[in-house]
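Data block below; observations after.
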Amino acid sequence: MSRKKESLILKTLDDLNPNEAHLLLVALEKKAQTIYWDKDAGEVHSLITRGLLEDIPDESTLSHKPFRVPKFVWDHLQQKDAFQNLKTKGASALPPT
């Protein structure tokens, strides 16, 4: 993939809704580039469409499937500013404590 295409994909991080940000934040906090998530969740489909998440083939009948954050996205999210921005957006997806 070209750097220009990667850059355009990374710009979509600015428009994440809280649930999308939360999914990526969970992956970062678990230090897991591959994460299991409900395959029918709207945030999964949206992140895949944006190029921020990849579907991993899985033949199981479980509702939670593996998804991978592409390496260039993962590397970008490791940066302090990107992580903080994601944390701020994802915070509102968490249930109140």
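Computed values, structure above
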item: Cβ pairs under 7 Å, 6+ apart, first in segment 1-13 and more than 20 Å from Leu25 (Cα to Cα), second assigned to a helix (DSSP H, G or I) and open to solvent by 50 Å² or more (accessible area, probe 1.4 Å); result: none
item: Segment 61-81: number of residues that are under 14 Å from Leu28 (Cα atoms), charged (D, E, K, R) and touching a residue at least 24 places away in the same chain (Cβ under 8 Å); result: 2
item: Elements of type helices (runs of 4 or more DSSP H) in segment 23-97, at least 1 residues being under 19 Å from Leu13 (Cβ atoms) and at pLDDT 95 or above; result: 42-50, 71-77
item: Residue in segment 53-78 that is farthest from Ala41 (Cα to Cα), counting only those that are among the hydrophobic types (A, V, I, L, M, F, W, C) and surrounded by 13 or more Cβ atoms within 10 Å (Cβ to Cβ); result: Phe72
item: Gly90 at positive phi and in contact (Cβ under 8 Å) with a residue 40 or more places away in the chain; result: no
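The values are calculated or read from the model by the stated rules, or taken from the named source; none is laboratory data. Computed from a predicted structure; not experimentally measured. Because the Cβ atoms are built from the backbone with ideal geometry, glycine has one as well, and the counts that use them run over all protein chains shown. Surface accessibility is based on the protein's heavy atoms, side chains included, excluding ligands, DNA and RNA. Shrake-Rupley method; radii C 1.70, N 1.55, O 1.52, S 1.80 Å.
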